[in-house]
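**Q** The structure follows.
The values are calculated or read from the model by the stated rules, or taken from the named source; none is laboratory data. What you are looking at is a predicted structure, and each value in this text was computed from that prediction instead of being measured. Ideal geometry is used to build each Cβ from the backbone, glycine not excepted, and the neighbour counts take in all protein chains shown. For accessibility, only protein heavy atoms count, side chains too; no ligands or nucleic acids. Shrake-Rupley method; radii C 1.70, N 1.55, O 1.52, S 1.80 Å.
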Amino acid sequence: MSDSDALGYPLLFSPLTLRGRTLKNRIVHASMTTRYLRDGIPTDAFHYYYLNRARGGSAAIVTEPMNLCASQVAPTRASVFDGRAMGEVARLADACREFDCHLIVQVQDRGRGRHEGGRVDEAYGASPLPDDISWTVPHAMSVGQIQAMIGEMAESCRKLADIGFAGGEVSAGHGHLLHQFLSPWSNKRDDDYGGDLAGRMRFLRELMLAIRAACPDDFLIGVKLPGYDGVANSIGVDAAQEIACEVHDIGVADFWSFAWGSHANSLYQHLPDAHLPPVPYAEATRQIRSAAPDMPTGALGYILDPSQAERQLSDGSADFILLGRALIADPHWPRKVIEQREPEIRYCVSCNSCWRAIIESNHLACDNNPRVGMDAEGDWHPQTAPSREHYVVVGSGVAGLEAAWVLAEAGHKVTVLGAGDSAGGVTRVHAELPGGENLSSIYDYQYLRLQRTDAALEFGVRATQADIEALKPDAVILATGSHLSTPDWLDEAWQEMVPDLRQMCRDFLPRPVATDGRLVVWDYDHTEMTYAAAQYFAGYFDEVVLITSRERIASDVALVTRQGINKRLNLARVRIVTYSEPTGVDALEEGRFEFRNIFNGDVSAVDDIAGITYATPRLPNDSLYQPLTSAGISTHLIGDAFAPRTVMSATHEGHQLALRLLAQA
């Protein structure tokens, strides 16, 4: 890949030399946990994940954290310290080296920090102070334990250097253990590892020096430092700059980057979503790095496209680009850019479903890339089918489109019948709400793949059984989505005057009008679209009142997402009422909406009502399934038409069904 080929991105595709090692471009995969391991041993999915990012053109990959010391025994991390995973890790290093891709291990320990609520046994940290999320009070590490961890981590880095790893990135941000030692909020020690900045720095300093002493001269040492952690009396930009000065003076670091947020109410800053502008931390990064402008600096945080990356390099914000979620969505992001195939990139949606999958489903997954962890991933095309069959896909949402493009590229005849006037289904509605814009990249990519085939797409068609049978399909895929159920408290007489949330968005988004009075949103759904709509409506009604029967809102989203939702709704002054349910519609004619506490029965009311809408459990639109199967037509349900769930479920089911049908051909 030469500079002349990198049209428009000369800096992004220029080499970078660090400690005698040359990176072929400025694109580095940021550390992302995959959990593609079994009892500490990497699986094939682990191998494929990293190898695909090397194949895709990344110059270096910072791997997920591994078990590097005796106290680290998590079965979801590669067991390096005890040697059990070394064979598989060495095989990966050899494979990546064939693509001129350097592997850098992340050296990290979470300490007391957790990504979820609930107290944790056997936690340890700088001081016996509660974790801000789980309220776990850790065991304060002794000096002996600190020094043992330092020695063991350094020795593990040496083992990795021996099998071909290019370096290690010491993670001292994101609320992890070293961050806990750096912060005056979480470090109240009165020994050599606490007190003033020099004391709080000692753990990090000794670890970096130990790694340098244990490893070959060309072993890279990077460090991820806190930028602004969002915790009172902890680390802000000025304090981060002081820490950066100290790290630079240690004299062994080869590069650094800066992390945002912590294991606290600021966790959402760690993975900024589309409610923030792209590259939100560029200015702060420039300020902090000015402490040592000569230190190679990585830009980190919500960088999606190559123009954003190039700008970080050209304006002095950074010397290389750390891409995490963007390379989960498309491991061939670098290769597609340099080959002038940017429209073919599966762009990151910035929804943080990957984060939720890691925490709750125990392995990495992506809304916009159903092939994560598979052998062929970044530039995958299906094999040509031995015979041509006709598949009718009913529904033009992300489930149906995913199945359709795979089948069409395999050479099958595909007809897509969509009830809407364009691709995307309900996902398109969500994409028009605050923070939803990036969702369009899912159906835009699918639609592009379809347009390059001979598939027929017909919009504005509410297909009947007769319509489908007239097409004489060999099989039918019902991706007809779902609809919101009518709440029990809504009398039939009022149903036409009280739209569900989806319909209200469809009616309101094209022509928003400021409206006197209050809007009530009955939240019996707890998914992101509900809160994006409430945030949007707050700009047009005097007040939005969100009522739920649960103890909190956003129960069906990940913690990192829920934090952002709560912040935005509170800033928008949306009134949130919990433990309550509507009493009915009797008072609506008087402009009042009444609700009762589900435990004590107390009745309250919202006056001056201008509108009511509701988000309720979805019901599948599967009415065509039984008639078609009874008629002898092979029929498949996917996405919400099978059972209402997530965008990730929809894209994955569409893809997997297409693969099964191709395998049966």
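**Q** Among the residues that make up the stretch 621-635, is at least one of them within 30 Å of E377 (Cα to Cα) and in contact (Cβ under 8 Å) with a residue 60 or more places away in the chain? Explain how you work it out, then say what you get.
**A** Step one: list which residues in the stretch 621-635 are within 30 Å of E377 (Cα to Cα), which gives 634-635.
Within this subset, residues satisfying the condition of being in contact (Cβ under 8 Å) with a residue 60 or more places away in the chain are 634-635.
There is at least one residue in the stretch 621-635 that is within 30 Å of E377 (Cα to Cα) and in contact (Cβ under 8 Å) with a residue 60 or more places away in the chain.
**Q** Which residues, counting only those in the stretch 621-636, are at negative phi and open to solvent by 40 Å² or more (accessible area, probe 1.4 Å)?
**A** Here is the first cut: in the stretch 621-636, the ones at negative phi are 621-631, 633-636.
Once the filter is applied, which keeps residues that are at negative phi and open to solvent by 40 Å² or more (accessible area, probe 1.4 Å), the stretch 621-636 yields N621, D622, S623, Y625, Q626, P627, T629, S630, A631, S634, H636.
**Q** Going by the structure shown, is T22 surrounded by fewer than 21 Cβ atoms within 10 Å (Cβ to Cβ), part of a strand (DSSP E or B) and at pLDDT 95 or above?
**A** yes
**Q** Ok, one more. Hey, could you check the stretch 579-594 for residues that are under 20 Å from Y524 (Cβ atoms) and in contact with an Asp or Glu (Cβ under 6 Å, 6 or more places away or on another chain) and say which is surrounded by the most Cβ atoms within 10 Å (Cβ to Cβ)?
**A** Let us first name the residues in the stretch 579-594 that are under 20 Å from Y524 (Cβ atoms), namely 579-588, 593-594.
Imposing the further condition that a residue be in contact with an Asp or Glu (Cβ under 6 Å, 6 or more places away or on another chain) reduces the set to 583, 585, 587.
On the way: T583: 16, V585: 18, A587: 16.
Among residues in the stretch 579-594 that are under 20 Å from Y524 (Cβ atoms) and in contact with an Asp or Glu (Cβ under 6 Å, 6 or more places away or on another chain), the one surrounded by the most Cβ atoms within 10 Å (Cβ to Cβ) is V585.
**Q** Out of the stretch 535-577, which residues are within 19 Å of the chain's Cα centre (by Cα), surrounded by 20 or more Cβ atoms within 10 Å (Cβ to Cβ) and under 21 Å from L509 (Cα atoms)?
**A** Listed by number, the list holds a single entry, I565.
**Q** Further, regarding this structure: Just a yes or no: is a residue in the stretch 162-174 outside any helix (DSSP H, G or I), closer than 21 Å to I61 by Cα, modelled with pLDDT under 95 and open to solvent by less than 40 Å² (accessible area, probe 1.4 Å)? Spell out how you get there, then give the answer.
**A** Within the stretch 162-174, the first condition is being outside any helix (DSSP H, G or I), and the residues that meet it are 163-174.
If we keep only those that are closer than 21 Å to I61 by Cα too, we end up with 163-174.
Add one more test, that the residue is modelled with pLDDT under 95, and what stays is 174.
Now drop any that are not open to solvent by less than 40 Å² (accessible area, probe 1.4 Å), which leaves 174.
Yes.
**Q** Would you be able to say whether some residue in the stretch 437-460 is over 24 Å from P370 (Cα atoms) and either free of Cβ contacts under 8 Å to residues at least 40 places away in the same chain or assigned to a strand (DSSP E or B) (or both)? Spell out how you get there, then give the answer.
**A** Initial filter on the stretch 437-460 (over 24 Å from P370 (Cα atoms)): 458-460.
Filter again for either free of Cβ contacts under 8 Å to residues at least 40 places away in the same chain or assigned to a strand (DSSP E or B) (or both), leaving 458-459.
Among the residues of the stretch 437-460, at least one is over 24 Å from P370 (Cα atoms) and either free of Cβ contacts under 8 Å to residues at least 40 places away in the same chain or assigned to a strand (DSSP E or B) (or both), which makes the answer yes.
Yes/no per residue for (1) open to solvent by 10 Å² or more (accessible area, probe 1.4 Å); (2) closer than 29 Å to I41 by Cβ; (3) modelled with pLDDT of 95 or more:
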| position | (1), (2), (3) |
| --- | --- |
| A292 | no, no, yes |
| A309 | no, no, yes |
| S314 | yes, no, yes |
| L327 | no, yes, yes |
| E344 | yes, no, yes |
| W355 | yes, yes, no |
| V372 | yes, yes, yes |
| A376 | yes, yes, no |
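**Q** Being over 25 Å from I133 (Cα atoms), among the aliphatic types (A, V, I, L, M) and in a loop (DSSP other than H, G, I, E, B), is that true of even one residue in the stretch 43-62? Steps first, please.
**A** Within the stretch 43-62, the first condition is being over 25 Å from I133 (Cα atoms), and the residues that meet it are 43-62.
Subsequent filtering for residues that are among the aliphatic types (A, V, I, L, M) retains 45, 51, 54, 59-62.
Next, only the ones that are in a loop (DSSP other than H, G, I, E, B) stay: 59.
Within the stretch 43-62, one or more residues are over 25 Å from I133 (Cα atoms), among the aliphatic types (A, V, I, L, M) and in a loop (DSSP other than H, G, I, E, B).
**Q** Taking only pairs six or more apart or across chains, which ones have beta-carbon atoms under 7 Å, a first residue in the stretch 156-176 that is among the charged types (D, E, K, R), and a second residue that is buried (at least 24 other Cβ atoms within 10 Å of the Cβ) and part of a loop (DSSP other than H, G, I, E, B)?
**A** These pairs meet every condition: K159/V80.
**Q** Also: Could you list, in sequence order, all residues of the stretch 464-490 that are over 29 Å from the mean Cα position of the chain (by Cα) and open to solvent by less than 20 Å² (accessible area, probe 1.4 Å)?
**A** Answer for the stretch 464-490, where residues must be over 29 Å from the mean Cα position of the chain (by Cα) and open to solvent by less than 20 Å² (accessible area, probe 1.4 Å): I468, A475, V476, P487, L490.
**Q** Here's another thing I want to ask about it. List the residue pairs whose Cβ atoms are under 8 Å apart, where the first residue sits in the stretch 488-499 and is under 12 Å from P582 (Cα atoms), the second is hydroxyl-bearing (S, T, Y), and the two are 6 or more positions apart or on different chains.
**A** Partner pairs satisfying both residue conditions: W489/T583; L490/Y614.
**Q** Okay, moving on. I'm trying to understand the selection: among the residues of the stretch 122-144, which are more than 16 Å from N187 (Cα to Cα) and either among the charged types (D, E, K, R) or surrounded by fewer than 20 Cβ atoms within 10 Å (Cβ to Cβ) (or both)?
**A** Step one: of the stretch 122-144, the residues more than 16 Å from N187 (Cα to Cα) are 122, 133-134, 144.
Once the filter is applied, which keeps residues that are more than 16 Å from N187 (Cα to Cα) and either among the charged types (D, E, K, R) or surrounded by fewer than 20 Cβ atoms within 10 Å (Cβ to Cβ) (or both), the stretch 122-144 yields E122, S134, G144.
**Q** Let me ask something else about it. Quick one: which strands (runs of 3 or more DSSP E) lie wholly within the stretch 567-611 and hold at least 1 residues that are hydroxyl-bearing (S, T, Y) and under 30 Å from N265 (Cα atoms)?
**A** Working: elements: 575-577, 580-582, 593-597, 603-606.
The qualifying strands (runs of 3 or more DSSP E) are 580-582.
**Q** Within the stretch 544-601, take every residue that is touching a helix residue (DSSP H, G or I) at 6+ places or on another chain (Cβ under 6 Å) and small (G, A, S) and give me the one that is farthest from A514 (Cα to Cα).
**A** A558
**Q** I want to confirm something. Restricting to the stretch 378-411 and keeping residues that are modelled with pLDDT of 95 or more and acidic (D, E), which single residue is most open to solvent (accessible area, probe 1.4 Å)?
**A** E389
**Q** Just to verify a result, which residue in the stretch 140-151, among those that are in a helix (DSSP H, G or I) and more than 32 Å from the chain's Cα centre (by Cα), is nearest to G83 (Cα to Cα)?
**A** Kept after step one, since they are in a helix (DSSP H, G or I), are these residues of the stretch 140-151: 143-151.
Now drop any that are not more than 32 Å from the chain's Cα centre (by Cα), which leaves 143-148, 151.
Working: V143: 26, G144: 23, Q145: 21, I146: 22, Q147: 21, A148: 18, G151: 16 Å.
Among those that are in a helix (DSSP H, G or I) and more than 32 Å from the chain's Cα centre (by Cα), it is G151.
**Q** I would also like to ask the following. Tell me the residue from L637, L571, L659 that is of a type in the set (A, V, I, L, M, F, W, C) and over 30 Å from R388 (Cα atoms), please.
**A** L571
**Q** Which of (1) farther than 19 Å from G435 by Cα; (2) in a loop (DSSP other than H, G, I, E, B); (3) not aromatic (F, W, Y) is the odd one out, the single condition D525 does not satisfy?
**A** Answer for D525: the failing condition is (1).
**Q** Related question: Kindly check whether there is at least one residue in the stretch 238-260 that is closer than 30 Å to T561 by Cα, modelled with pLDDT of 95 or more, open to solvent by 30 Å² or more (accessible area, probe 1.4 Å) and out of contact with any Lys or Arg (no Cβ under 9 Å at 6 or more places or on another chain).
**A** yes
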